[in-house]
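Worksheet: one structure, shown below.
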Amino acid sequence: MNKKKMRAVQIKAPGEYSVETLPIPVPGYGEVLVMVKSIAICGSDPGIFSGKVLKNGWPPYYPFVAGHEFAAQVVEVGEGVTDLKPGDRVAGEAHCGCGTCEMCKKGFYNLCLNYGKKEAGHHHYGHSSEGCYAQYQVYDQKALTPLPENVSYDLGTLVDTTGIAYNALRLTGVEPGGYTAIIGPGPMGIAAMILAKALGSATIMIGRGKRLEKAVEMGADVAINFEECPDVVGEVKRITKGGAHQVIEAAGNASAYFESVQMARKGGHVALVSIPGEDGQQAALKTLIMNQITLHGVRANPNCSRTVLNLMSQGTIQMEPLITHIFSIEDIHEAFDTFTGRKDGALKVLIHPNGEGED
């Protein structure tokens with residue numbers, strides 16, 4: 001390559017990060033070098049940047065390049081790469097399993113038993129392995145999925161969020177003609193709502209403020225403002241005549257974990273997407289048992305990227321309205337302030353590390 005240096009966001013210490021000039025990495029066996037075209041800020045990124053998730057080993061060291069929701073163009077391939085070539089447009093994935101452990105062989109590479117062991121072939125990009133807040137990065141070919149021609153790089157960054165929402169619904173199942181209740185009208189909750197509707201379910205979105213209004217704008221059948229409704233669980237049961245067939249928790253607070261089980265109908269399914277803090281360790285266990293409800297933990301988006309990209313390409317789901325802001329990599333602090341402060345209705349905030357052009 002002609003270029004030997006790149007611009008990247010380095011986390012120097014908890015809460016300290018800046019844009020630096022770094023060497024462009026070189027792909028090894030089974031790896032490709034990509035030019036990162038577009039990056040989406042994930043809800044987990046502020047915790048990684050601030051050091052609040054150090055107990056998870058994220059990041060594993062300083063300085064560190066985080067980020068994991070991206071779309072890119074292949075510029076160089078390493079030895080052993082067979083399915084990708086320079087010029088290919090791809091969407092990335094955070095989890096890349098070792099490929100040989102019991103979980104990986106079952107297809108659950110998000111649960112790889114060699115987590116964090118790069119020598120075994122495992123990567124959790126942007127978490128335990130360096131990620132995409134950079135103009136270029138090296139990725140294992142297993143973590144990349146080709147973008148359909150009519151799916152833009154910006155839309156490709158939503159593969160992670162949409163894929164996790166799809167994984168939640170794949171675990172719960174979707175009752176055609178039934179009801180899906182979603183707690184939390186952020187990007188994940190709205191993605192789950194859009195997918196549930198596409199799969200034949202009526203949707204009930206629970207939240208407040210501008211994000212709840214956005215969910216209605218994007219197609220939620222029923223909206224419940226929990227600040228104005230004294231009994232959200234009762235209202236869901238009234239609307240659904242007994243409870244939702246599937247409930248997706250995407251709010252990340254103690255009441256959401258508890259009420260998600262309570263608002264499911266007998267024999268229903270509940271998926272917990274967000275990771276709880278210390279105040280979110282309780283579930284409505286008596287309701288869970290007495291109503292024979294199935295509770296699913298949802299981790300990442302294994303084997304979901306191709307499905308959601310096809311749904312985007314076919315026009316079955318419309319995700320573009322989730323993208324509300326775009327910044328350059330040099331404006332990373334403003335981008336994070338916009339995202340964390342939910343300024344101007346921010347949902348998905350994107351970074352273009354190599355400029356505005358798509359090609």
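Quick notes
- Whole-Hz Karplus values for the range 146-156 come out as x, 7, x, 4, 8, 10, 6, 4, 4, 5, x Hz, taken residue by residue from phi with 6.51 cos²θ - 1.76 cosθ + 1.60 and θ = phi - 60°; glycine and proline positions read x.
- Couplings 3J(HN,Hα) for the range 222-238, derived from phi with the Karplus relation 6.51 cos²θ - 1.76 cosθ + 1.60 (θ = phi - 60°), are 9, 10, 10, 8, 5, 6, 10, 10, x, 9, 5, 4, x, 5, 4, 5, 5 Hz, where x marks Gly and Pro.
- Against the rule of thumb 2.2 N^0.38 Å, how large the Cα Rg of the range 161-297 comes out: 0.91
- DSSP beta bridge pairing in the chain, given as percent antiparallel to the nearest 5: 55 percent
- For the range 161-297, the dipole from Cβ point charges (+1 on Lys and Arg, -1 on Asp and Glu) about the Cα centre works out to 360 debye, to the nearest 20.
- Förster radius 56 Å - calculated FRET efficiency between residue 266 and residue 356, Cβ distance, rounded to 0.05: 0.60
- Counted by neighbouring Cβ atoms within 10 Å, the residues 210, 4, 286 run from fewest to most as 4, 286, 210.
- For the residue pairs 237/286; 117/142; 197/286; 214/348; 106/197, the alpha carbons lie more than 19 Å apart in 197/286; 106/197.
- Cα-based convex hull, the chain, per residue volume (Å³, whole number): 133 Å³
- Residues 128, 255, 50 arranged by fewest to most Cβ contacts within 10 Å: 255, 50, 128
- Lys-Lys pairs in the range 1-103 that are eight or more residues apart or on separate chains and whose Cα atoms lie under 19 Å of each other come to 7.
- Highest-fluctuation residue, 220, 181, 284 considered, GNM on the chain with Cα pairs under 10 Å: 284
Here, each number is a calculation from the coordinates, and none is a lab measurement. Values in this document were obtained by computation on a predicted structure and should not be read as measured data. We place every Cβ from the backbone using ideal geometry, glycine too, and count neighbours over all the protein chains shown.
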